[in-house]
1. Taking Val113 as the residue in question, decide whether it is modelled with pLDDT under 95, in the same structural domain as Lys19 (by TED's automatic domain parsing), under 30 Å from Leu439 (Cα atoms) and not polar (S, T, N, Q).
2. What number goes with the only condition from (1) of a type outside the set (Lys, Arg); (2) touching a helix residue (DSSP H, G or I) at 6+ places or on another chain (Cβ under 8 Å); (3) more than 30 Å from Trp407 (Cβ to Cβ); (4) surrounded by fewer than 19 Cβ atoms within 10 Å (Cβ to Cβ) that Asp242 does not pass?
3. Write out, first by first residue and then by second, each pair whose Cβ atoms fall under 8 Å of each other, whose residues are 6+ apart or on separate chains, and whose first residue, in region 380-393, is surrounded by fewer than 13 Cβ atoms within 10 Å (Cβ to Cβ) while the second is among the hydrophobic types (A, V, I, L, M, F, W, C).
4. Taking only region 225-236 into account, find how many residues are assigned to a helix (DSSP H, G or I) and surrounded by 15 or more Cβ atoms within 10 Å (Cβ to Cβ).
5. Among the numbered criteria (1) in the same structural domain as Leu157 (by TED's automatic domain parsing); (2) touching a helix residue (DSSP H, G or I) at 6+ places or on another chain (Cβ under 9 Å), which single criterion is violated by Glu310?
6. For the structure I just gave you, tell me whether His359 is over 30 Å from Leu252 (Cβ atoms), modelled with pLDDT under 95 and either out of contact with any strand residue (DSSP E or B) (no Cβ under 7 Å at 6 or more places or on another chain) or among the aliphatic types (A, V, I, L, M) (or both).
7. Taking region 381-408 on its own, how many of its residues are within 26 Å of Cys143 (Cβ to Cβ) and touching a helix residue (DSSP H, G or I) at 6+ places or on another chain (Cβ under 8 Å)?
8. Looking at region 368-383, can you tell me whether even one residue there is farther than 20 Å from Ile61 by Cβ, aliphatic (A, V, I, L, M) and either in contact with a strand residue (DSSP E or B) (Cβ under 9 Å, 6 or more places away or on another chain) or assigned to a loop (DSSP other than H, G, I, E, B) (or both)?
Amino acid sequence: MKAKKALSDGELIKNCAIKMAEAFNENKVGNKFQTVPLSKQTVTRRLEDISNQISNNVKDIIANCSYFSIALDESTDVSDTNQLLIFVRAIKEDFTIFEELLQVCSLHSTTRVTDGAKSMTGTISGFVGFLRQNQITVPTLHCIIHQEALCAKSIKLSTTMATVTKFTNLIRGGNRSLTHRKFLTLLEEMDSAYGDLLLHTEVRWLSRGKCLVRFFELRHEIATFLREEVTNSAELQNDLEDVEFLRNLAFLTDITQHLNVLNLQLQGKKQTICQMVGFVDSFRKKLHLFKSALDKNNLLHFPCCRKLSEEEEEEEEEEGLEFRDYTEIIEDLSSEFDRRFNDFESFRPDISLFSNPIHCDIESQPGHLQLELCELQCDPSLNTSQVTGIDFWKLLSPERYPLLRNWALKLCSVFASTYICETAFSSLKHVKSKNRNRLSDVVLSHILRVATSQLEVDFISLVSSFMKPQCSH
């Protein structure tokens, strides 16, 4: 079930276990395996039992936690059904964090809840608007990873990306298997650094950067291949010789790679909002550094641009290429980050206090925390502690710092991204595929809960809950 395999695979596993026992001359063990019921129907019932136990455990965690938040995201499965996933992030008094699937909602008719788009946080439409119409006031955030991806799309070099996609599709697009094989042979003969081009997929966060890096490194091999193997490709060959296109390609590759580094930092489960905002703040500082460097045509942080410039310098025997004019794109990207991450500014004072409680200005902090902060900043054991972040707050005594611990628990309970939903959608594609698209909504919900849960299943209590074991007939 964790492997997200078909429910009918139970019989296959049973037969393999029997054959394995017989191979070791353990016929008695093989006979016992014969009695184990693993039909599709039985496995489905067992799956439901396991899922229900996990669901009950999640409810207990929510009932006994200090604080919790929820993350919602929606996507369309292979049968064109919108699946809304709701995850809960609960934190206990000892700062133990649980992130578990709360509910799978299959939306067969009109959907009222939007996905990671900005409209989800609107005051009228979307989930947040629905909450406010029902007088439910809670802090809300638009997924930090989605916003980073939207910022990346604002780079004004879409024509360059479209041209790269045209090249890639010409070589390894649909119905071009012969052309693709010839290209692979050429790369092997030329002992290229990479063995193939990569296709670009919009829905995959890191796809564009990987595609661009591979294309930039193989641009000479691609030019050779077009000249030798592809007729009527003169226009595309000209693009690969056009300095302006190559400059755009090099810059787009470098800046997209920097964005991919940020995206990878933001991925991962159980990250606090403080960590994620810290990564974004770091990137915003990098953008200022990039602009300052490009103003001087310093390509230290742009390896593809530097490589292209050095190649042109060797070929033309003159100064390398200029990249100063790309500072405007850096400025626009920086402005886009400022605009899109504005909703995190309300958390800025809390993040600052969480990250540096020892040296914060006590008078600027919330009044109910000030007395305990005085105690904390004068506590020798905490002043000499080397731990930071959530590990530091675990050190605070509940008796001496009840208000500060409670405040930190609340902040650590916040979902800053829907990354956990995205990973569950990846599981959904394996579970409900084109070869297994008739799963009922209930069974799909059970499979996803078991597949995504980090809670241990108490099989002994499950078995003991039945009056007598069920044997295979």
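The values are calculated or read from the model by the stated rules, or taken from the named source; none is laboratory data. On a predicted model such as this, the values are computed, not experimentally measured, just so you know. Positions of Cβ are backbone-derived with ideal geometry, glycine not excepted, and every protein chain shown enters the neighbour counts.
1. Numbers: modelled with pLDDT under 95: yes; in the same structural domain as Lys19 (by TED's automatic domain parsing): yes; under 30 Å from Leu439 (Cα atoms): yes; not polar (S, T, N, Q): yes.
The answer is yes for Val113.
2. (2)
3. What qualifies is Ser381/Leu395; Asn383/Ile358; Val387/Leu395.
4. Going through region 225-236, the residues assigned to a helix (DSSP H, G or I) turn out to be 225-229, 234-236.
Narrowing the set further to residues that are surrounded by 15 or more Cβ atoms within 10 Å (Cβ to Cβ) leaves 225-226, 229, 236.
Here the count works out to 4.
5. In the conditions (1) in the same structural domain as Leu157 (by TED's automatic domain parsing); (2) touching a helix residue (DSSP H, G or I) at 6+ places or on another chain (Cβ under 9 Å), Glu310 misses (2) alone.
6. yes
7. Initially, region 381-408 is screened for residues within 26 Å of Cys143 (Cβ to Cβ), giving 388-391, 393, 407-408.
Applying the additional criterion that residues be touching a helix residue (DSSP H, G or I) at 6+ places or on another chain (Cβ under 8 Å) yields 388-390, 393, 407-408.
The qualifying residues number 6.
8. Residues of region 368-383 farther than 20 Å from Ile61 by Cβ: 368-383.
Still in the list and also aliphatic (A, V, I, L, M): 369, 371, 373, 376, 382.
If we keep only those that are either in contact with a strand residue (DSSP E or B) (Cβ under 9 Å, 6 or more places away or on another chain) or assigned to a loop (DSSP other than H, G, I, E, B) (or both) too, we end up with none.
No: zero hits.
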